[in-house]
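Structure first, then comments.
Read-outs throughout are calculated quantities, based only on the coordinates presented, and are distinct from any laboratory measurement. Just so you know, these numbers come straight off a predicted model, no measurement behind them. When we count neighbours, we look across all protein chains shown, and the Cβ atoms used for this are built from the backbone with ideal geometry, even at glycine.
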Amino acid sequence: MRRLWTVGSLALLLSGCVTMRPPHQGVGQERPSQNQEIDEGASTQESQLEEPRKPKKIRPVIRNSPRQKSNGAVNHLISKANKAQRDGDFATAESYLERAYRISHRDPRVSLAMAEVLFAQEKPSQSEQWALRSIGLLRNQQVIMLRKAWELVSQCRIEMGDYEGARTARLKAKSY
Amino acid sequence: MKKKTKILLAMVVSVSLMLAAGFAWISWNVVEAFEGKKWRIPSLVYGRSLELYSGKSLSGKLLRQELQATGYKKVRVPKSPGEYAQTANKFVIYKRSFRFWDTTDDASKISLTLADGSIDRLISQGRPADLVRLEPVLLGGIYPHDFEDRKLIKLEDVPQNLIDALLATEDQGFYSHWGVSPTAIARAIYLNLKAQRYAQGASTITQQLVKNFFLTPERSLKRKMLEASYAIAVEAFYSKDEILETYLNEVYLGQSGSRAIHGFGLGAEFYFGKSLESLSLQESALLVAIVNGPSIFNPRRFPTRALKRRNLVLNLMLDVEKIDKESHSKAIKTKLGVTSTPRAQTLKYPAYLDLVKRHLARDYANEDLQQEGLQIFTAFDINIQRQGEKSIIKRKKAWGRTGKQLEAAAVVASLGGDIEAVIGGSTPGLPGFNRALDSKRPIGSLVKPAIALAAFRAGAGYHLTSSLSDEKITVTLDDGKTWSPKNYDLESHGDVPLYLALAHSYNQAFVRLGMDIGTESVAQTLFDLGIDDDIPTNPAMLLGSFGLSPLSVLQMFQTLASQGFMVKPRTVRYVTNRDGEIQKSYQIQLQESISKEYLHLIQYALQVVMYEGTGRGAYAYLPRDFSAAGKTGTSNNKRDSWFAGFTGDKVAVVWMGRDDNKPTPLTGSSGALPVWSEIMKTASLEPMDYRQLDGIEYLWVDETTGERSFEFCQEVRQMPFHPSSIPEAVAPCIKSTKPIVDWFKSLFGG
């Protein structure tokens, strides 16, 4: 009976701890407002001018879900760029990808496609940078693209005479 | 042969030779000037083109502003290019044809529906479309010193009505004379003698052209003789159609400020806001009427006079049977139909144009830009620019008398690296000192993210929750003197986790951190972030005592916002020649610079600045769930107020202060931050998208101490850590029993 009382009390204590916090939506959920810290520039005039309402304290949100799929416009431009590249019209392909980049600069497909077009135009240095950028934007699960991007990095490095770097990139590609 | 005959023959030969030499000299002049001068065209600078696609964030207000800026006219039903209609959230736009750097987009009718702040449906030519782009806003031109502007046209594109009106009015015998018209001269002499004053001229179109090209407006017999000689030479070397086409491009048609409007191509746009091809009979007649005296027949200033002259042109057309009675009587009843304000303006955005010219300076001489008729496609965004200017004016006003002495500068760019707006001072449109590029002012606490980043990179075990002492610090300088920096609130805050010291901009904690890792490593980090300027390595640099321009600060924050790649911000994307071919393309140049894992940590901390620290005032303007990251900066005695930060799609820097470097009442929070927030409210359509990164650990830590904790404990948060440096100490889970007691009380109705 005594043990049960202890377990019950502990459970209550823990549940108390949990329920004191607002509903959980990941990491960045809102918290009850706390005392606002003094701003480095806080002044009477400032508070009258700028803070008609005090915002509640909130936290940065760290999302874990994959990024949303890219939109139709980007797909459209990538496909036009691919066609132009197949036709050997690299300048036009680059122009389409540049537009796609402006629409969605975080889309790793755009960076990788740009790297390929630049490589085809014998610009290995910038091609390598774009390929590395695409790698930085890809998640570990996107193995096909990661492999492709590292292979391209390897080719770029060979073109630039960096054989050791090329070998490292090749090994990276193989690891996927 | 008799002596007399010989002398006569010699004289004839001499005179003939002299005449031939004179004609050759004139001809050489004509050919050189005709080939060279007739094609002197200023370069046009365009802003970015608005890309429309399903899902694009866009409000009706922004689209309307964009359409107005590109000269679209709102109508009930769009029937011709350049018109649009809006019904609730549906827009129907009759796009104009436009020659971009890659393709020419034909005129077409599109419709789009907006829902929940974005484009829901996009239809082009009756079919669903993936992507449509509007023609860009004309930002301005780069003009020669005489500010002559023109839009070149080809003779085959000129409406017949216009040619008929011109020839009927200015030179009925154009296709039959050889440069001068003896009958016209005889008639003019007769009429002038009769009137005993200068009543009528006899200049042919060719003479008018050579007068503009080679001669002064002076009215003397000598000048008239020269004019006639030149006209004959022109006729000898060029066909009638070539002369007419040159005239149509050369003729002066009006003035817009310092800009001189030349040629019917630009004239049509200037007076009617439409292309030459789409001019009606009466509009063509009015343009021809203006030729006689652009100032006295200015239809905007003297509409009655201009109407009378236009009708005279229509009468002349009827007289020479170029139009029938019906067309004549219909046209003569119409109003002038000129637009109220000229569409194209100059020097409205001088700070941006200044940066464009500087970017182009390495590839183009100034003369080329002024004369080669280039089309320069930039990333300029008129909506963002206007919002920035508006916000600065508003802030200055809010500060009353103090505000009058304040100056400001701002730069806004996309996270992709395109500079979209540049504000060089607090008076929009005023050319002169471009503070955004040339004013180097102490950056104050804007340096702190670089110190934190340098600490992570130093391999000294620093992480976001490393405990920093914010107690008083005294640094001994090289000259033996001591320096004791203070916090803004003059208080010390004990031990503080690094991320909170950054959020609240604690000077003592950050000077201590900077001295520990070394000022050289901070300077190196600034360099790796893209700062080209020389950075001093004295201890005061840890409080941002050195000056940077807003553009340099933008570069720094562009890299802070990135995934580890430095992008040199650009303005110009493409330059095409007058034939529309790409002459130069300026692609985004990437350079891998700083580990994306370390940047990920800084990006977290800079969000805390916005939510809990000195940047929190931004949420008086931005929606509370709109994630952003940034940092305030205030220099000694509040001489400079800075804010720099980024969202999911934009990065912006704002500076406010006085040109005479005197103190202001502004801090970064109270001066630059509200302007930054208002700009972002309009400019940014995407909140910061902060996602978990492979290679980073996300641990629960105690908010106050930064020690390891658990999800179910009190006052904890999850934060990112580099695996090489994670907190080790564990914080107690329950810090206060008060919540538990309160909970029990609530159970029993206490």
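Using Cα positions and a limit of under 21 Å, work out the lysines in reach of B:Lys61, with same-chain residues fewer than 8 apart set aside.
The reachable lysines, counting only those whose Cα sits under 21 Å from B:Lys61, are B:Lys73, B:Lys74, B:Lys90, B:Lys95, B:Lys109, B:Lys390, B:Lys394, B:Lys650, B:Lys681.
For B:Glu520 and B:Lys662, what is the calculated FRET efficiency with R₀ set at 30 Å and r taken between the beta-carbons, to the nearest 0.05? It would help to have the intermediate numbers written out before the result.
Values: r = 33 Å, r/R0 = 1.10.
With R0 = 30 Å, the Cβ-Cβ based efficiency is 0.35.
Helix B:160-170 versus the longest principal axis of chain B: what angle, 0 to 90°, nearest 10, using Cα atoms?
Result, in degrees: 60.
HN-Hα J couplings of the range A:87-103 from phi, Karplus 6.51/-1.76/1.60, θ = phi - 60°, integer Hz, Gly and Pro as x?
Taking θ as phi minus 60°, the curve returns 7, x, 9, 6, 5, 5, 4, 5, 5, 4, 5, 4, 5, 4, 5, 5, 6 Hz for the range A:87-103.
How about B:Lys330: which lysines have a C-alpha closer than 23 Å to its C-alpha, ignoring those fewer than 8 places off in the same chain?
Output for B:Lys330: B:Lys79, B:Lys274, B:Lys308, B:Lys322.
Taking the Cα atoms only, what angle lies between the long axis of helix B:519-528 and the longest principal axis of chain B, rounded to 10 degrees?
Here the helix axis deviates by roughly 40 degrees.
Per-residue ellipticity at 222 nm for chain B, helices alone: DSSP H runs ≥ 4 residues times -39500 (n - 2.57), over residue total, nearest 500 deg cm²/dmol?
Working: 24 runs with 283 residues, N = 750.
Calculated mean residue ellipticity at 222 nm is -11500 deg cm²/dmol.
Residue by residue through the range B:99-115, what is 3J(HN,Hα) from phi via Karplus (6.51 cos²θ - 1.76 cosθ + 1.60, θ = phi - 60°)? Round to whole Hz and write x for glycine and proline.
Coupling constants for the range B:99-115: 8, 7, 6, 9, 9, 9, 8, 6, 4, 7, 9, 10, 9, 9, 10, 9, 8 Hz.
Once you place label points 7 Å from the Cα toward the Cβ at B:Ser16 and A:Arg86, how far apart are they in nm?
Using points 7 Å along Cα→Cβ, the separation is 7.2 nm.
When the chain is fully extended, how far beyond the present Cα-Cα distance does B:Lys394 get from B:Lys335, taking 0.36 nm per residue of separation?
Details: separation 59, 0.36 × 59 = 21.24 nm, distance 4.08 nm.
Length gained between B:Lys394 and B:Lys335: 17.2 nm.
State whether the range B:254-310 is rounded, prolate or oblate according to the following rule on the C-alpha gyration tensor (a ≥ b ≥ c being the square roots of its eigenvalues): a/c under 1.5 gives rounded; otherwise a/b larger than b/c gives prolate, and the remaining case gives oblate. Show your work: numbers first, answer last.
Details: a/c = 1.85, a/b = 1.05, b/c = 1.75.
Oblate.
Mind computing the radius of gyration and Dmax over the alpha-carbon atoms of the protein assembly as shown? Å is fine for both.
Every Cα atom of the protein assembly as shown included, Rg and Dmax give 34.9, 157 Å.
Bin all alpha-carbon pair distances of the range B:631-720 at 5 Å intervals from 0 and give each bin's fraction as a whole percent.
Spelled out bin by bin, the range B:631-720 gives 3, 13, 15, 11, 12, 13, 16, 10, 4, 2, 0, 0 percent.
Pairs of Cα atoms under 8 Å, at least six residues apart: use those to get the relative contact order of chain B, whole percent.
Taking the mean separation of contacting Cα pairs over the length of chain B, I get 11 percent.
Remind me, relative contact order of the range B:388-683 in percent, using alpha carbon pairs under 8 angstrom and six or more residues apart?
Values: 624 pairs, mean separation 66.6, N = 296.
Relative contact order for the range B:388-683 comes out at 23 percent.
Specify the angular offset, from 0 to 90 degrees and rounded to the nearest 10, of the alpha carbon long axis of helix B:673-683 from the longest principal axis of the alpha carbons in chain B.
Tilt of helix B:673-683: around 60 degrees.
Round to the nearest 0.05 the FRET efficiency obtained for B:Gln692 and B:Lys348 when R0 = 56 Å and r is the Cβ-Cβ distance.
On the way: r = 45 Å, r/R0 = 0.80.
In this case the efficiency is close to 0.80.
Going by a ≥ b ≥ c, the root eigenvalues of the Cα gyration tensor, does the range B:44-136 fall in the rounded group (a/c under 1.5), the prolate group (a/b larger than b/c) or the oblate group? Kindly include the intermediate steps, with their values, before the conclusion.
Working: a/c = 1.35, a/b = 1.26, b/c = 1.08.
Taking the square roots of the gyration eigenvalues as a ≥ b ≥ c, the range B:44-136 is rounded.
Let me understand chain B better: what is its radius of gyration from the alpha carbons, and its Dmax, in angstrom?
Every Cα atom of chain B included, Rg and Dmax give 34.4, 146 Å.
Is the shape of the range B:148-332 rounded, prolate or oblate, going by the alpha carbon gyration tensor and its root eigenvalues a ≥ b ≥ c, with a/c under 1.5 for rounded and a/b larger than b/c for prolate?
Details: a/c = 1.43, a/b = 1.27, b/c = 1.12.
Rounded, since a/c falls under 1.5.
Given the Cα-Cα distance of B:Gln255 and B:Leu8 and 0.36 nm per residue of separation, how much length would full extension add, in nm? Please report the intermediate quantities before stating the final value.
Numbers: separation 247, 0.36 × 247 = 88.92 nm, distance 5.52 nm.
The span from B:Gln255 to B:Leu8 would gain 83.4 nm if fully extended.
Using alpha-carbon pairs under 8 Å, 6+ residues apart, how would you state the relative contact order of the range A:92-176 in percent? Could the numbers behind the result be given before it?
On the way: 107 pairs, mean separation 20.0, N = 85.
Across the range A:92-176, relative contact order equals 24 percent.
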